[in-house]
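*Asks:* Pasting a structure below so you can have a look.
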Amino acid sequence: MTDRIIPLLDERVAAIRPALPAETQAASGRVADRLGRHLHDLRISVTDRCNFRCTYCMPKEVFDKNYRFLPHADLLTFEEIARLARLFIEHGVEKIRLTGGEPLLRKDLEKLIEMLATLTTRAGRPLDLTLTTNGSILARKAKSLAAAGLKRVTVSLDALDDAIFRRMNDVDFPVRDVLAGIDAADAAGLAPIKINMVVKRGVNDHEILPMARHFKGSGHILRFIEFMDVGSSNGWHMDDVVPSAEVIRRIDAEMPVEAIDPNYPGEVAERWRYRDGSGEIGVISSVTQAFCRDCTRARLSTEGRLYLCLFAQRGYDLRALVRGGASDAQISTAIGQIWSQRADRYSEIRSEATVALPKIEMSYIGG
Ligand code: SAM
Ligand code: SF4
Ligand code: SF4
């Protein structure tokens, strides 16, 4: 194996090791950060591996056979994940999304879902438990995921045109199998299903209308995501971004839409519905319309590092606390302290200088 220097590894080494709190403090359930944002969502990456090589996320030139994925011993175990999830819930988390890499590649994921499905919010309600997948093995897994207690899924699909989709996932994976996964998820009751399409100008923007036509009336919610400068390997450039306003204009010209209210404050997607009543779409405008003001999301990486922003350069090593014998009260106190110091708002301050900074890869902390 050749030893190459990959920026990602350097970033992973640079985690912050939280001190063991000398005094503990009970979680209030409403921990606020320095901008007054309350912790509400937790995204948990269960693997850094993926069977796709989407050009905007895990380009083949970087994630090749020499790339060193995390060894199994470094991954949080299901018990460790469930314990941390419970402690995050004490701080007010009500929604958990499993992600990756490709989460369905994590062996026995259903067992983790069973464990998480037993947790309830502080108010005693069931958690909003969901998962984002590339859909490649969803047809096989939908039933067992639903049986384990998963509520819904989000499936990523960037094109309906088979040739374009195969080029974008860069492993020659056919559209047909992802569509079969979506149908299986629907049949298993993992609804409403959201479909995420990352739009890159000149690559798949001519698929916006075919995708909209296909999912209109299906009950699934298609969401268009602006191509982001996550990580350091995807060669991002502003010219590649199709602003959400343009996406909406193009759809509205053929299939009239109107804006609707968010489901809850801090919802990432801006919601629109077809005026003829045939369903809903969404746009996620992380580049052209930053929504940092309402960002209530924390991210837990595969190896147990807490990231306060998708574009953070460093994470907090919670695994060190977990494996170092810290008590629940100590870990909970540390989580509260870390969140209350948070001031991240990358999308609001994005500039040429920030784009060039080294950042964590999306496949490592999840979307
Ligand atoms: N593998 C799963 C999947 O593709 O759904 C889950 C992980 S993936 C990192 C989560 C989401 O991030 C996907 O919807 C993906 O399209 C999106 N994503 C990845 N890289 C992106 C980028 N550079 N800009 C915008 N979205 C991106
Ligand atoms: Fe894999 Fe998802 Fe990244 Fe595509 S977007 S390479 S499917 S992790
Ligand atoms: Fe949240 Fe960071 Fe995204 Fe802003 S840039 S919305 S703070 S994750």
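*Asks:* Kindly rank 242-248, 58-64 from highest to lowest mean number of other beta carbons found within 10 Å of each residue.
*Replies:* In descending order of packing, they fall as 242-248, 58-64.
*Asks:* Rounded to the nearest whole Å³, what is the per residue volume of the convex hull around the Cα atoms of the chain?
*Replies:* On the way: hull volume 49.5 nm³, N = 367.
With only Cα atoms used, the chain gives 135 Å³ per residue.
*Asks:* When averaged across all projection directions, what area in nm² does the alpha-carbon convex hull of segment 177-240 cover?
*Replies:* Numbers: hull surface 21.4 nm².
One quarter of the hull surface, i.e. the mean projection, equals 5.3 nm².
*Asks:* Now for a separate question. For every other residue with a beta carbon closer than 15 angstrom to the beta carbon of Asp261, add +1 if it is Lys or Arg and -1 if Asp or Glu, then tell me the sum.
*Replies:* Numbers: positive: Arg271, Arg273; negative: Glu258, Glu267, Glu270, Glu280, Asp294.
After counting each charged neighbour, the total is -3.
*Asks:* Enumerate the amide H contacts of Tyr316 below 5 Å, restricted to partners 5 or more residues apart or on another chain; note that Pro and chain-start residues carry no placed amide H.
*Replies:* The list, which skips near neighbours in sequence, is Ile16, Leu306, Tyr307.
*Asks:* For segment 268-339, take the alpha-carbon Rg, divide it by the Kirkwood Rh, and send me Rg/Rh. Could the numbers behind the result be given before it?
*Replies:* On the way: Rg = 17.9 Å, Rh = 15.0 Å.
So for segment 268-339, dividing Rg by the Kirkwood Rh gives 1.19.
*Asks:* To test your reading of the geometry: what angle, between 0 and 90 degrees and rounded to tens, separates the Cα axis of helix 138-148 from the longest principal axis of the chain?
*Replies:* Here the helix axis deviates by roughly 50 degrees.
*Asks:* A follow-up question, please. Separation between the Ser218 and Ala290 pseudo-spin-labels, each 7 Å from Cα along Cα→Cβ, expressed in nm?
*Replies:* Label-label distance for Ser218 and Ala290, simple model: 3.4 nm.
*Asks:* Report the FRET efficiency, 1/(1 + (r/R0)^6), for Arg314 and Ala73, where r is their Cβ-Cβ distance and R0 is 25 Å, rounded to 0.05.
*Replies:* Numbers: r = 22 Å, r/R0 = 0.89.
Once rounded, the FRET efficiency stands at 0.65.
*Asks:* Say R0 is 22 Å: what FRET efficiency, to the nearest 0.05, do Asp261 and Ala123 get from their beta-carbon distance?
*Replies:* Details: r = 22 Å, r/R0 = 1.01.
For R0 = 22 Å, the calculated efficiency reads 0.50.
*Asks:* Only bridges whose two residues both fall in the chain count here: according to DSSP, what percent of them are antiparallel, nearest 5? Before the final figure, lay out each step's value.
*Replies:* On the way: 15 of 46 bridges.
Taking every DSSP beta bridge with both residues in the chain, the antiparallel ones total about 35 percent.
*Asks:* Then there's this: Out of residues 5 or more away from Val198 or on other chains, whose amide H comes under 5 Å of its own, with H placed 1.01 Å from N in the peptide plane?
*Replies:* Leu157, Ile225
*Asks:* As a test of understanding, state the convex hull volume per residue of segment 141-187 from its alpha carbons, in Å³. Before the final figure, lay out the partial values.
*Replies:* Numbers: hull volume 3.4 nm³, N = 47.
Looking at segment 141-187, the number lands at 72 Å³ per residue.
*Asks:* HN-Hα J couplings of segment 162-179 from phi, Karplus 6.51/-1.76/1.60, θ = phi - 60°, integer Hz, Gly and Pro as x?
*Replies:* Values per residue, Gly and Pro as x: 4, 5, 5, 4, 4, 5, 6, 7, 6, 10, 6, 7, x, 4, 3, 5, 5, 4 Hz.
*Asks:* Report the net charge of residues surrounding Arg83, where surrounding means a beta-carbon distance below 13 angstrom and charges are Lys +1, Arg +1, Asp -1, Glu -1. Present the calculation step by step, with values, prior to reporting the outcome.
*Replies:* On the way: positive: Arg86, Arg319, Arg323; negative: Glu79, Glu80, Glu90, Asp328.
Once positives and negatives cancel, what remains is -1.
*Asks:* How many nm is it between the label spots at Arg140 and Ser327, if each spot is 7 Å from the Cα in line with the beta carbon?
*Replies:* 4.5
*Asks:* Does anyone have the angle between helix 244-254 and the longest principal axis of the chain? Alpha-carbon axes, 0 to 90°, nearest 10?
*Replies:* The answer is roughly 30 degrees.
*Asks:* Here's another thing I want to ask about it. Could you work out the relative contact order of the chain? I mean the mean sequence separation of Cα pairs under 8 Å and 6+ apart, divided by the number of residues, in percent. Before the final figure, lay out each step's value.
*Replies:* Numbers: 742 pairs, mean separation 92.7, N = 367.
Normalised by residue count, the contact order of the chain is 25 percent.
*Asks:* Between Ala180 and Ser28, how high is the FRET efficiency from 1/(1 + (r/R0)^6) when r is the Cβ-Cβ distance and R₀ = 35 Å? Nearest 0.05. Could the numbers behind the result be given before it?
*Replies:* On the way: r = 46 Å, r/R0 = 1.30.
E between Ala180 and Ser28, to the nearest 0.05, is 0.15.
*Asks:* Checking the cross-link filter: which lysines have an alpha carbon closer than 20 Å to that of Lys194, excluding same-chain neighbours under 8 positions apart?
*Replies:* Excluding near neighbours in sequence, the set is Lys95, Lys141, Lys143, Lys151, Lys216.
*Asks:* I would also like to ask the following. Treating the angle as unsigned and between 0 and 90°, give the value, to the nearest 10°, between the Cα long axis of helix 328-340 and the longest Cα principal axis of the chain.
*Replies:* 60
*Asks:* Helix-only mean residue ellipticity at 222 nm, the chain, DSSP H runs n ≥ 4 weighted -39,500 (n - 2.57), per residue, nearest 500. What is it? Let's see the in-between values first.
*Replies:* Details: 12 runs with 107 residues, N = 367.
After summing the helix terms and dividing by the residues of the chain, the value is -8000 deg cm²/dmol.
Only the coordinates and a few stated rules stand behind these numbers; no lab work does. Quantities reported herein were computed from a predicted structural model and do not represent experimental measurements. Every residue, glycine as well, gets a Cβ built from its backbone with ideal geometry; the counts of neighbours run over all protein chains shown.
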